[in-house]
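I have placed the structure first, in the form of structure tokens, so that the comments after it can refer back to it.
The values are calculated or read from the model by the stated rules, or taken from the named source; none is laboratory data. Treat the numbers as computed from the prediction; the structure is a model and nothing was measured. Don't worry about glycine lacking a Cβ; one is built from the backbone with ideal geometry, like all the others, and counts go over all protein chains shown.
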Ligand SMILES: Nc1nc2c(ncn2[C@@H]2O[C@H](COP(=O)(O)OP(=O)(O)OP(=O)(O)O)[C@@H](O)[C@H]2O)c(=O)[nH]1
Ligand SMILES: [Mg+2]
């Protein structure tokens, strides 16, 4: 059992676990590909076939079994996700709650005796990622950060005009809360969901989401910016906080409760990890435009900052005492992988190389400043669902989810067709170049045989990184 959420937990875990027990955080915003990545990864670990995932000469996973569980978190629904892919030929449903899975591997490396490796993973709704900034911040700091992000982006500044005007002269708590929620609702209609914090406005603790046919006004009435209708809070600027001290204190109190219940359990698990992978969906970011880029970069940077949340020797010493530190040097995030997912949505190897270059440009500066021992960049598709067919411009073959009019094609009536995705640029576009990207969604292609993992591209490099091969 791994107990991490208290001071002695780290010591206990290190003493009780084998030395090769690894907690691996997979982080990314909504639809970045976390659930598909984890489902395919588990399938490849459980049914390792060196021809389908080559981990190097003589390296083989002889056995992989699920072990243990978590007292506080649900079990990751691996079988359910896999059967959705296989039997329904559709992608797993959007994640609504955090879940974990722990695997025990018997790893053979050449002629050496097989070693035991324990890997633990978590999946969570990507909407929560924007709340991670709360973890190390007070209500005041969070407010300033959110308001700065709104001001820094011209689309958001425009959508938040009413809220900004009102917050300069607050007369009523309800009015300012409604105005902020209206901004969030407007952002949602434009598909700018990565600015939506507190994230329960988008997905509440029961996993329910705003009705897709709703309007910002309906969502303002039905959705809450806090744990309940009576516990809402919104960001206030410094002058507003000074002019409305009582309201600011009330919001700060509700913010702390929200952080304790929704944010801290999740981020503690992640910051206690040994390795972290940040998933970035470059096709979606290119199609989404510069606001989405800004949000994704901000989320990635906040997640990267978690590597420095534990400040090395003195923090460790405080956690477990000197003897504890000598015996079991507590865990911290030692290596970070930045992963460009869905590489099968582009048509050539040059495009895939450009994907890697884009995620590098987006995160490199931040990564250079952190205390992790190692970081690297990866591209992958964990359920390859297209075939390149060449041509000029290069084309792909696959079963499309939407037709040219943007209407959904049902899975059963979607035929294999050829289509032309956009080319992946070498550099992030300039302001006037964002509108032209299109990377059509396809239905998954997975073998119905239980012991045949999905076709993958690039997963072996990631697994080698995880296992230190
Ligand atoms: N073509 C292709 N599409 C993928 C791949 N992985 C994910 N997708 C697409 O991306 C969508 C989102 O993937 P998920 O794994 O559900 O994303 P997530 O990060 O778990 O999203 P949340 O649960 O909302 O946090 C899927 O429904 C697919 O449409 C892939 O390897 N290839
Ligand atoms: Mg998911």
Residues that are within 23 Å of residue 99 (Cα to Cα) and more than 16 Å from ligand 1 (Cβ to nearest atom): does the stretch 30-44 have at least one?
no
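Okay, residues lined up against (1) closer than 24 Å to residue 337 by Cα; (2) touching a strand residue (DSSP E or B) at 6+ places or on another chain (Cβ under 7 Å); (3) not assigned by TED's automatic domain parsing to the domain that holds residue 193:
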{"position": "36", "(1), (2), (3)": "yes, no, yes"}
{"position": "45", "(1), (2), (3)": "yes, yes, yes"}
{"position": "48", "(1), (2), (3)": "yes, yes, yes"}
{"position": "54", "(1), (2), (3)": "yes, no, yes"}
{"position": "71", "(1), (2), (3)": "no, no, yes"}
{"position": "79", "(1), (2), (3)": "no, no, yes"}
{"position": "94", "(1), (2), (3)": "yes, no, yes"}
{"position": "106", "(1), (2), (3)": "yes, yes, yes"}
Just checking, does the stretch 406-413 include any residue being within 16 Å of ligand 1 (Cβ to nearest atom), within 21 Å of residue 84 (Cβ to Cβ) and part of a helix (DSSP H, G or I)?
yes
Residues of the stretch 293-313 that turn out to be within 19 Å of residue 34 (Cβ to Cβ) and modelled with pLDDT of 90 or more, as a count:
10
Looking at (1) at pLDDT below 95; (2) within 16 Å of ligand 2 (Cβ to nearest atom); (3) touching a strand residue (DSSP E or B) at 6+ places or on another chain (Cβ under 8 Å), which one does residue 110 not meet, given that it meets all the others?
(2)
Out of the residues in the stretch 362-390 that are in a loop (DSSP other than H, G, I, E, B) and in contact with a strand residue (DSSP E or B) (Cβ under 7 Å, 6 or more places away or on another chain), state the one that is nearest to ligand 1 (Cβ to nearest atom).
385
I'm trying to understand the selection: among the residues of the stretch 30-47, which are assigned to a loop (DSSP other than H, G, I, E, B) and more than 9 Å from ligand 2 (Cβ to nearest atom)?
47
Would you call residue 187 surrounded by 21 or more Cβ atoms within 10 Å (Cβ to Cβ), in a helix (DSSP H, G or I) and more than 16 Å from ligand 2 (Cβ to nearest atom)?
yes
Tell me yes or no: at least one residue of the stretch 90-101 is more than 16 Å from residue 120 (Cβ to Cβ), without any contact (Cβ under 8 Å) to a residue 24 or more places away in the chain, within 16 Å of ligand 2 (Cβ to nearest atom) and not in a helix (DSSP H, G or I).
yes
